[in-house]
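So the structure is just underneath, and the comments pick up after that.
Since every read-out is calculated from the coordinates, none of them should be taken as a lab result. Just so it is clear, the structure is predicted and the values come from calculations on it, not from any experiment. Don't worry about glycine lacking a Cβ; one is built from the backbone with ideal geometry, like all the others, and counts go over all protein chains shown.
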Amino acid sequence: MTRRTKIVATIGPASNDPETLRELIAAGVDVVRLNLSHGEVDEHLAVLERVRTVAEQVGRPVAVLADLPGPKVRCGEFPDGGVDLAVGSLIELVPGDHDSSAERISVDYETLLVDLSVGASVQLGDGAICLQVVEMSDDRAFGRVVTGGRVNGSPGFHLPSESLRLTTPTDEDLVLAEIMADAGVEFIAVSFVRRASDVDKVRAVVGDRAHLVSKIETAASMDHLDSIIAASDAVMVARGDLGIDCPIEDVPHLQKFIIRACVEAGVPVITATQMMESMIVAPTPTRAEVSDVANAVFDGTDAVMLSGETAIGRDPVAVITTIAAVARRAEREASYRQWANRLGRLQREHKVGAVDVGSRITMALSHAASQAAMDCDASAILCCTRTGRTARAMARFRPDSLMIGLSPDPKTVRTMALSWGVEPVEVEMYESTDEMVWFAVETTLQRGLIDHGDTVLVLAGAPTGGRSGSMPRSGPNAATDVLRLVQVD
């Protein structure tokens, strides 16, 4: 069985050349992430084209995710070499874009003194350094260092999300989203989503040109999680900022909660941040990192994501090889049958569902396919889809059988690279159900994905009023309404 959990890799200086990209994709990268917080737009567009070329050469469908910067509050530049902030020291916090020092930190945030209050906690950088506001005046605040350390450059300055007045998406985000959608990326990640309306603003610019990934990284987003998931095409558990905005001991539980909610909704979910962090400089991960990746697999995540490990790390290809091996090993122990049992029960009790008739039909038939695959020990489930929705609905049940997503749309094929367990395959458009079923089986047989003598299931459908058997398209009437069991001979 192939690896079911997908891998997202951030591309940076250590990995953006054609040869390294080729090795990364050959090693198992399913989705390439472009971090728009760093570098120029033209550089990212060049990497996008490079990924397209290399993926075609390797012969693997690879999706591209453009990650928008979102609102950023930063400290003024610290002296070269950095400074040490000692626990217990009192430091001035002032709004402005001046240089910072060990005694005074300048913060590029105009309403700093309005939004801060005595007792508030603020973090610098990745949250390792924490200050508590102990005094306020008309022109400055004073923070006591609770956890200290060395700070360099212009680190981020993190206020509690409920105090932050900056909105998501920013004007810069919308411009970048337009550029990236025009360039043809499959996914655009929206940073610091706090409610569904944040996603809707990007949707208004992007339309259906790219799928939107909501990054869950604030306490406020947890209060609106269901509506955010409903407005999103995918979700990212962005544990870095989530662990700053929420008590750090809550993060593992929030991760499990978010993943479960996404799987039930049929929305792909990515687990991100520090998965193999030590491999930025070390040849192997820590035992804790290996356990972290395995537990994300046990949680049911669709994908695990690497950031600095592949963007600036010493050996990006070794990182992919390692995380792929950990995921494959964890999948041998993962109890995926529980997903099918749980979802079936929730659907029978009407605790999960869909608003439109087409989606309800698709959910019901994918549930039936999950049961049928277990009953007949099917080798594979072939999902014929124009939009990828059939494959995503089937992936909710985490079946033991190999899932193959077949689509005539190359972009849909690449988009399915993010969904758990789905092997994306491009096919032609066919005119009838019989023709489509025959060619779906024939194509997967020729590719060596199934064998003679196998029993396979074929899922397909058509919009109301459309040709029976034609690839389904999106819309309120679209539904997966065909299920065939086929003995391959």
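Brief remarks on what is shown
- Projected area averaged over orientations for the chain, convex hull of C-alpha atoms, nm²: 22.8
- Sorting L166, L68 from the fewest to the most surrounding beta carbons within 10 angstrom yields L166, L68.
- Long-range amide H partners of K6 with built H, under 5 Å: A303, V304, G421
- About the Cα centre, charge dipole magnitude for the chain (Lys/Arg +1, Asp/Glu -1 at Cβ), debye: 1640
- Fewest-first sequence of D115, D299 by Cβ atoms within 10 Å of each Cβ: D115, D299
- The relative contact order of the stretch 288-435, computed from alpha carbon pairs under 8 Å that lie at least 6 residues apart in sequence, is 19 percent.
- Pairwise FRET efficiency - L90 versus D356, Cβ, R0 = 51 Å, nearest 0.05: 0.30
- The stretch 1-118 - percent relative contact order, Cα under 8 Å, separation 6 or more: 19
- Nearest 10 degrees, 0 to 90: helix 251-265 Cα axis against the chain principal axis: 30
- Summary of packing: across the peptides 79-88, 409-418, 51-60, the per-residue average of other C-beta atoms within 10 Å ranks them, highest first, as 409-418, 51-60, 79-88.
- Using C-alpha pairs under 8 Å with a sequence gap of at least 6, the mean separation divided by the residue count of the chain gives a relative contact order of 13 percent.
- With 0.36 nm allotted per residue and the present C-alpha distance subtracted, the E431-D250 stretch has 60.0 nm of extension available.
- The angle separating the long axis of helix 196-206 from the principal Cα axis of greatest extent in the chain is about 70 degrees.
- A Förster radius of 51 Å, combined with the Cβ-Cβ distance separating E172 from D489, puts the computed FRET efficiency at roughly 0.30.
- Cβ-based charge dipole, the chain, positive-most Cα from A141, S359, V122: S359
- Charged neighbours of V304, selected by a Cβ distance under 14 Å, balance to -1 (K, R count +1; D, E count -1).
- Contour minus Cα-Cα distance for S197 and Q446 (0.36 nm per residue): 85.1 nm
- The distance separating the Cα centre of the stretch 274-324 from that of the stretch 243-257 comes to 19 Å.
- A helix-only calculation puts the chain at -11500 deg cm²/dmol for mean residue ellipticity at 222 nm, using -39500 (n - 2.57) for each DSSP H run of at least four residues, averaged over all residues.
- Centre separation in Å (Cα based) which lies between the stretch 404-431 and the stretch 57-114: 41
- Taking the longest Cα principal axis of the chain as reference, the axis of helix 41-58 is set at about 30 degrees.
- Fewest-first sequence of C75, C246, C376 by Cβ atoms within 10 Å of each Cβ: C376, C246, C75
- Peptides 168-180, 145-157, ordered by how many other C-beta atoms sit within 10 Å of their residues on average, highest first, read 168-180, 145-157.
- Gain upon complete extension [D97, S335; 0.36 nm per residue less C-alpha separation]: 80.5 nm
- Note, ³J(HN,Hα) from phi for the stretch 90-106, Karplus 6.51, -1.76, 1.60, rounded to Hz, x at Gly and Pro: 9, 10, 6, 10, 10, x, x, 10, 8, 5, 10, 8, 6, 9, 8, 10, 8
- By average C-beta atoms within 10 angstrom, highest first, the peptides 126-136, 103-113, 280-290: 103-113, 126-136, 280-290
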